[in-house]
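Here, each number is a calculation from the coordinates, and none is a lab measurement. All values derive from a computational prediction rather than experimental measurement. Note that we place each Cβ from the backbone using ideal geometry, even for glycine, and neighbour counts take in every protein chain shown.
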Number of protein chains: 2
Amino acid sequence: MNLDDMILVSVDDHVIEPPDMWDGRVPKKYLEHAPKLVRQADGTDAWEYFGLKSSNAGLNAVAGRPPEDYGYDAQALSDMRPGCYDVHERVRDMSANGVLAGLNFPSWAGFAARQFLRTPDKDLALALLRAYNDWHIEGWCGEYPDRFIPLGVVPVWDPALMAEEVRRLSARGCHAVTFAENTVPLGLPSLHSDHWDPFWAACEDEQTVVCMHIGASGVPATTSEDAPAGVPHSITAVGLIGAAADLVFSNIFKKFPTFKFALSEGGIGWVPYFLEKIDKHYEYHKAWTGEDFGDKLPSQVFQERIITCFIEDSVGIEMRDKIGIDTITWECDYPHSDSTWPTSPEKLFKDISHIPDEDINKITHENAMRAFQFNPYPVRPREKCTVGALRAEAADVYTGYHHVAKRPKLPPTAAALRENHHPDEAI
Amino acid sequence: MNLDDMILVSVDDHVIEPPDMWDGRVPKKYLEHAPKLVRQADGTDAWEYFGLKSSNAGLNAVAGRPPEDYGYDAQALSDMRPGCYDVHERVRDMSANGVLAGLNFPSWAGFAARQFLRTPDKDLALALLRAYNDWHIEGWCGEYPDRFIPLGVVPVWDPALMAEEVRRLSARGCHAVTFAENTVPLGLPSLHSDHWDPFWAACEDEQTVVCMHIGASGVPATTSEDAPAGVPHSITAVGLIGAAADLVFSNIFKKFPTFKFALSEGGIGWVPYFLEKIDKHYEYHKAWTGEDFGDKLPSQVFQERIITCFIEDSVGIEMRDKIGIDTITWECDYPHSDSTWPTSPEKLFKDISHIPDEDINKITHENAMRAFQFNPYPVRPREKCTVGALRAEAADVYTGYHHVAKRPKLPPTAAALRENHHPDEAI
């Protein structure tokens, strides 16, 4: 296989919500309370909602900025590539990067619907959450069914409502939802409670994938508040290592036998270590803990139920047979700072060009298409889905750097990242 | 190489402090306040100290118990193999397992001197801490200089005192100290503060190894209080992944260029993933964070300064060249529940028999001997240090199961582990 022959489906990108997303989707009585994107005195934009201002945070929309301009600071929409918030430009940016399709996480709304969770009026919260999902399905993914895997947010404050939303989303063709990697920091019961069973039941019925993105609980992993940026940036996986342990040792998989979870942006190179560790624990401790995986090992249960996701991870590629070749999916992470855009094919191919074509196809798109029930071929023939074909369609897209207004920067510390990570506290 | 030809030096075992450890080592005026091991109404033993009772916790001394008897519950000294607390029996247990030498962490005292940190009278705390160290050097390691690598505890409440103790220990032949993997949960400044510089300076001068053991900060990693045992047991490494990131991105290595840290019981299979991650972070973010590793990569700095440690880790063995073959050391973890005693040679050899002899020697003993300034050969000729030779000396040692009194067990949950982990709250 050549680089141009790859078909790339990314299971982790991000949308920056545009200001008009609520138009026509929020019931009239709630309109005055709907979030509004307002230009601030310092030239940045912020969503104003229930007395709090939430900026679009620095590293979350840096595609195309020179690395020296990265930072945790707030931004204006006009600082960003239009592909961050304009779906037509997004599709062009995807094509310029040879990427066929993407699954887009929310920004302002929060990976675990945090903005709606903190809304006191839960009728309003549900109305806005559904408006977000309707906008995402119609306004973002709708015009390009061959280019997006829809991803809904769920009303985490009420498992019965979550189940209802999962079924509503599924009926609209959306087979994935974003959820917390750990519910406890959100003030909600853990995955070891049966509290969530109605949600899991709906996911099982609809075969909806539950995506757990790093940082979804609102608490980026760090060791201290004064740790430099390198610390939280290097240990992003630890929350998902915990999530993986929670899932494997919870009762969820036993009660609901087939639906899947994705460890979004979790990386894959740590997985072989983790699988050996959980199997050793089971071997040494099952006699007194009562843990019982029947005729399986914990590692097998992981491989059957958990989708692993990486941006760049040559270690994981090398260890792919220990991870489970059918579990591995690829991410572009546009427009975040760890994204490989606009040279994703080059960076990925360097790590996978030496492996069999069959494995490349599984990792680049087949695993993702199967797990997320995504089939673009009726709309776009397979031969038009390749890196080479897509890039040929977007030869006019400028992918060089753009410079933006210099503003005071937040320091590169874990504390600043946390502020940036909690949109409700960001200003 | 055959199994019997290996030389095994373990950099992580544990001593259960015996009741007579303070005798003759605590100044008379402090004797009435010294901890006392007292039989409790339920038949277990507990250290009574400043109004708190601290039991010897279940999983911490299970060597020789059948797995169905494991648990987080408190124990009596008489429930344990004498090798837990009696050095002569310990050496026999080591020989029966083919292990030449071990580095022993404290139990009651805490990996980060927690019992002394919480003592209001700091003169008393220091007197007891020094008594512990003197007992450890004289009463535990002293009679068998060929069988133990001494390990001191340090007065973490005062970096100047820590420096003094490091120098005092070094003069007594002790070139390793145990310290927290994260100081913040102990209420102390982070590693990104210059608070600790006097301590680091002493370690640099004396080439003392700073050991960071999992759980040393007193907070075992978990996702929730109600998580089953499999969760905290499977994610023990995450605290040390954080510690590794702290060390690499702190200023410690720049200010003090050669002394080393050990990631005790951290495992090694995750290291290749972590090294790729820190190098990627540096590549993508150094332009705005100001991080500067000169002509090196972060991964090289890790390999130069950090000793990695594993009990069983076939993934790490396979990836040893990506970890750094000169950084890897082996652990027995006697008498804890994850120990491979009494079949350590068999379990280890299964994972390493296929690698070159040169690599086996580095992993089993050469790396540890060099890093910890340990040389047993003047006392015990090399040919008497092998698995085969040591086992021949201890052919009479019973290594089968022993059953102990059944007592009510704590549930296998993270909450129970935490209670067990905080000796000061255990009863």
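Just subtract the alpha-carbon distance of A:H402 and A:F50 from 0.36 nm times their residue separation and send over the number in nm, one decimal. Each step should come with its number before you reach the end.
Working: separation 352, 0.36 × 352 = 126.72 nm, distance 3.38 nm.
Gain on stretching A:H402 to A:F50: 123.3 nm.
Could you work out [θ]222 nm for the protein assembly as shown from helices alone, using -39500 (n - 2.57) per DSSP H run of at least four and dividing by all its residues? Round to the nearest 500 deg cm²/dmol. Show your work: numbers first, answer last.
Values: 34 runs with 282 residues, N = 854.
Helix contribution divided over all residues of the protein assembly as shown: -9000 deg cm²/dmol.
Which shape class applies to chain B: rounded if a/c is under 1.5, otherwise prolate when a/b exceeds b/c and oblate if not, where a ≥ b ≥ c are the square roots of the Cα gyration tensor eigenvalues? Write down the numbers at each step before the final one.
Working: a/c = 1.38, a/b = 1.13, b/c = 1.22.
Since a/c stays below 1.5, the shape of chain B is classed as rounded.
For segment B:266-340 and segment B:344-388, write down the distance between their C-alpha centroids in whole Å.
21
If r is the Cβ-Cβ distance from A:E32 to A:N251 and R0 is 60 Å, what FRET efficiency results, to the nearest 0.05? Please list the in-between numbers first.
Numbers: r = 44 Å, r/R0 = 0.73.
Calculated value: 0.85.
Most fluctuating residue of A:E165, A:E225, A:E204 in a GNM of chain A with Cα springs under 10 Å: which is it?
Maximum among the listed residues: A:E225.
If you put a point 7 Å past Cα along the Cβ direction, how far is that point for A:E89 from the same point in each other copy, in nm, smallest first?
Its label point is 7.4 nm from the equivalent points in the other copies.
Give the shape of the protein assembly as shown as rounded, prolate or oblate, defined through the alpha-carbon gyration tensor: a ≥ b ≥ c are the square roots of its eigenvalues, a/c under 1.5 means rounded, and otherwise the shape is prolate if a/b is larger than b/c and oblate if not. Working shown, then result.
Working: a/c = 1.84, a/b = 1.79, b/c = 1.03.
Taking the square roots of the gyration eigenvalues as a ≥ b ≥ c, the protein assembly as shown is prolate.
Measuring from centroid to centroid over Cα atoms, what is the spacing of segment A:11-48 and segment A:54-133 in Å?
After rounding, the separation between the Cα centres reads 11 Å.
B:D357 versus B:L3, label points 7 Å from Cα toward the beta carbon: distance in nm?
Between B:D357 and B:L3, the simple spin-label model gives 1.9 nm.
For A:K347 and B:L297, what is the calculated FRET efficiency with R₀ set at 25 Å and r taken between the beta-carbons, to the nearest 0.05?
Values: r = 17 Å, r/R0 = 0.69.
E between A:K347 and B:L297, to the nearest 0.05, is 0.90.
Would you work out which of B:P257, B:Q300, B:L390 lies farthest towards the positive end of the dipole of the protein assembly as shown? Charges go on Cβ: Lys and Arg +1, Asp and Glu -1.
Value computed over the given set: B:P257.
How well do other chains shield peptide A:246-252, expressed as the mean number of their Cβ atoms within 10 Å of each residue Cβ? Walk me through the intermediate numbers first.
On the way: counts 9, 1, 3, 9, 5, 1, 0.
If you average over the peptide's residues, the count of other-chain Cβ atoms is 4.
Could you tell me the center-to-center distance, by alpha carbons, between segment A:213-237 and segment A:246-260 in angstrom?
Segment A:213-237 and segment A:246-260 have Cα centres spaced 27 Å from each other.
Counting only other chains, what is the mean number of Cβ atoms within 10 angstrom of the Cβ of each residue in peptide B:204-211?
Numbers: counts 0, 0, 0, 0, 0, 0, 0, 0.
Averaged over the peptide's residues, the number is 0.
Between B:E89 and A:D321, take the C-beta separation as r, use R0 = 45 Å, and let me know the FRET efficiency to the nearest 0.05. Display every interim value, and only then the final one.
Details: r = 44 Å, r/R0 = 0.99.
So the FRET efficiency works out to roughly 0.50.
Calculate how many DSSP beta bridges within the protein assembly as shown are antiparallel, expressed in % of all such bridges and rounded to the nearest 5. Working shown, then result.
Working: 22 of 70 bridges.
Bridges in the protein assembly as shown are about 30 percent antiparallel.
Which shape class, rounded, prolate or oblate, goes with segment A:1-68 when its Cα gyration tensor gives a ≥ b ≥ c as root eigenvalues, a/c under 1.5 marks rounded, and past that a/b bigger than b/c marks prolate?
Here segment A:1-68 falls in the oblate category.
Express in nm, to one decimal, how much length is gained between A:V379 and A:A392 on full extension, taking 0.36 nm for each residue of separation and deducting their alpha carbon distance. Could the numbers behind the result be given before it?
Numbers: separation 13, 0.36 × 13 = 4.68 nm, distance 1.81 nm.
Gain on extension, A:V379 to A:A392, equals 2.9 nm.
Over segment A:3-395, what is the mean sequence separation of C-alpha contacts under 8 Å (at least six apart), divided by residue count, expressed as relative contact order in percent? It would help to have the intermediate numbers written out before the result.
Details: 716 pairs, mean separation 91.0, N = 393.
Relative contact order comes out at 23 percent.
Exceeding 24 Å between C-alpha atoms, which entries from my cross-link table qualify? They are A:K280/B:K280; B:K53/B:K406; A:K322/A:K350; B:K277/B:K322. Working shown, then result.
Details: A:K280/B:K280 31 Å; B:K53/B:K406 21 Å; A:K322/A:K350 21 Å; B:K277/B:K322 13 Å.
Table pairs above 24 Å Cα-Cα are A:K280/B:K280.
State the answer as a single residue: which of A:V271, A:S107, A:Q40 lies farthest towards the positive end of the charge dipole of the protein assembly as shown, with beta carbon charges of +1 for Lys and Arg and -1 for Asp and Glu, about the Cα centre.
Farthest along the dipole direction, towards plus: A:Q40.
Counting only C-alpha contacts under 8 Å and six or more residues apart, can you give the relative contact order of segment B:89-171 as a whole percent? It would help to have the intermediate numbers written out before the result.
Details: 70 pairs, mean separation 26.7, N = 83.
Relative contact order comes out at 32 percent.
Over segment B:324-427, what is the relative contact order in whole percent, taking alpha-carbon pairs under 8 Å and six or more residues apart? Before the final figure, lay out the partial values.
Values: 42 pairs, mean separation 22.2, N = 104.
RCO, segment B:324-427: 21 percent.
Could you size up the charge dipole of chain A around its Cα centre, putting +1 on the beta carbon of Lys and Arg and -1 on that of Asp and Glu, and report it in debye to the nearest 20? Display every interim value, and only then the final one.
Working: 40 positive and 64 negative charges, 111 e Å.
Once rounded to the nearest 20, the dipole reads 540 debye.
Let me spell out the model: positive unit charges on the Cβ of Lys and Arg, negative unit charges on the Cβ of Asp and Glu, origin at the Cα centre of the protein assembly as shown. What dipole size does that give, in debye rounded to 20? Numbers along the way, then the final one.
Numbers: 80 positive and 128 negative charges, 179 e Å.
Rounded to the nearest 20 debye, it is 860 debye.
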